[in-house]
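Only one structure is covered here, and it is reproduced in the block below.
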Amino acid sequence: MDPNAPTGKAAFRRILLKLSGESFCRPGEGGISVEEVSRIARQISRIAALGVEVGVVVGGGNILRGAQLISRGADVIKEATAHYMGMTATVINGLALQDALESMGCETRLMTTIHMNEIAEPFIRRRALSHLSKGRIIVLSTGTGSPFVTTDTAAALRGKELGVDVLMKATRVDGVYSADPEKNPHAVLYESLNYDQVLRDELKVMDMTAIGMCMENRLPILVFNFKKEGNIERVVCGEPIGTWVGSATRPRAGL
Ligand code: UDP
């Protein structure tokens with residue numbers, strides 16, 4: 001038996017993990033770091049080994065965000081084009097994650113909402129569910145396939161569509177704070193919140209469209225620090241870390 005095999009008991013049956021582009025590079029840098037991709041893939045492989053069905057929505061901010069490009073040259077590159085470029089960036093990350101996961105023995109499928117038949121499958125809900133039921137990790141790139149929104153919104157949509165128990169939002173800080181903890185030393189970390197509080201106080205969880213969708217669909221969100229090794233597994237096993245956003249209470253291990 002593998003001595004490093006995870007021993008915990010999962011608190012969730014099916015999860016959707018939202019990984020921003022920053023998960024693919026070193027802090028403060030851009031592009032792709034093979035070490036960072038391997039680190040995140042190793043953590044994901046461990047939760048898959050617990051028997052949890054795992055979908056991952058990947059962002060593209062380490063390469064390009066549409067809004068940033070528009071602010072620098074909207075007269076040259078059209079707004080919609082900039083967003084399509086951002087969606088294409090998410091495919092680069094998706095390809096990297098797919099290979100990293102497979103190098104660790106995880107069966108993986110990359111799916112896109114913009115057709116790229118040579119390198120990825122089209123996202124088809126029933127096919128995605130079938131992959132999950134077979135223990136395959138699905139990596140979802142190109143967001144919603146439509147410009148002017150972000151991969152947070154795609155994660156909220158896919159989370160509902162795939163019937164996940166929780167949307168796990170990986171961040172660089174320990175959860176949701178009353179203020180930016182990287183700037184304000186007095187910022188307080190919330191253990192749990194409801195959607196109304198997040199919307200009213202404009203707390204930095206996900207973009208507001210995504211929060212609104214999660215609220216409407218009663219999809220809980222778990223915001224946690226993915227930079228701490230093993231945290232994804234701890235969260236999936238129901239350890240009370242990070243911030244739980246939702247109307248129902250947070251489940252504990254083995255439920
Ligand atoms: N994007 C889009 N529609 C989508 C998802 C993403 O137009 O459904 C574009 C948008 O320009 C966005 C970029 O792709 O800025 C990269 O995604 P995102 O900003 O969500 O990446 P992250 O911040 O998670 O790294």
Within straight cross-link reach of Lys134, meaning Cα distance under 12 Å, which aspartates and glutamates are found once same-chain residues fewer than 8 apart are removed?
Glu53, Glu107
Expected-Rg normalisation [2.2 N^0.38 Å, Cα atoms] applied to the chain
0.96
Using the Kirkwood radius built from alpha carbon pairs, what does the Stokes-Einstein equation give as D for the range 102-233 at 25 °C and 0.890 mPa s, in µm² per second?
150 µm²/s
In what sequence do Asp180, Asp75, Asp207, Asp165 fall when counting other Cβ within 10 Å, fewest first?
Asp75, Asp180, Asp207, Asp165
May I ask you to sort Thr108, Thr88 by Cβ crowding, counting other Cβ atoms within 10 Å and putting the fewest first?
Thr88, Thr108
Between the modelled labels at Asp196 and Glu239 (7 Å from Cα along Cα→Cβ) the distance in nm is 3.3 nm
Per principal axis, largest first, the Cα atoms of the range 159-214 extend in Å by 39, 22, 17
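Given the Cα-Cα distance of Ser133 and Ile77 and 0.36 nm per residue of separation, how much length would full extension add, in nm?
Computed gain between Ser133 and Ile77 is 16.0 nm.
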If you take the C-alpha gyration tensor of the range 4-147, multiply each eigenvalue by 5 and take the square root, what semi-axes do you get, largest first, in whole Å?
28, 18, 12
What percent does the relative contact order of the chain come to when contacts are Cα pairs within less than 8 Å and at least six residues apart?
22 percent
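Just add up the charged neighbours of Ile138: K/R +1, D/E -1, any other residue whose Cβ is under 14 Å from the Cβ of Ile138.
+4
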The set of residues whose placed amide H lies less than 5 Å from the amide H of Gly60, leaving out same-chain residues fewer than 5 positions away, is Gly21
Using a Förster distance of 35 angstrom, determine the FRET efficiency expected from the C-beta separation of Arg13 and Phe148, and round it to 0.05.
0.60
Could you sort out which of Lys78/Lys183; Lys9/Lys204; Lys18/Lys227; Lys18/Lys228 sit more than 22 Å apart by Cα distance in this structure?
Lys78/Lys183; Lys9/Lys204
Return the whole-Å distance between the Cα centroid of the range 30-98 and the Cα centroid of the range 191-225.
21 Å
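FYI, it's all coordinate maths here, none of it is from the lab. This structure is a prediction, so every number in the text was calculated from the model and none was measured. Cβ: placed from backbone, ideal geometry, glycine included. Neighbour counts: every protein chain shown.
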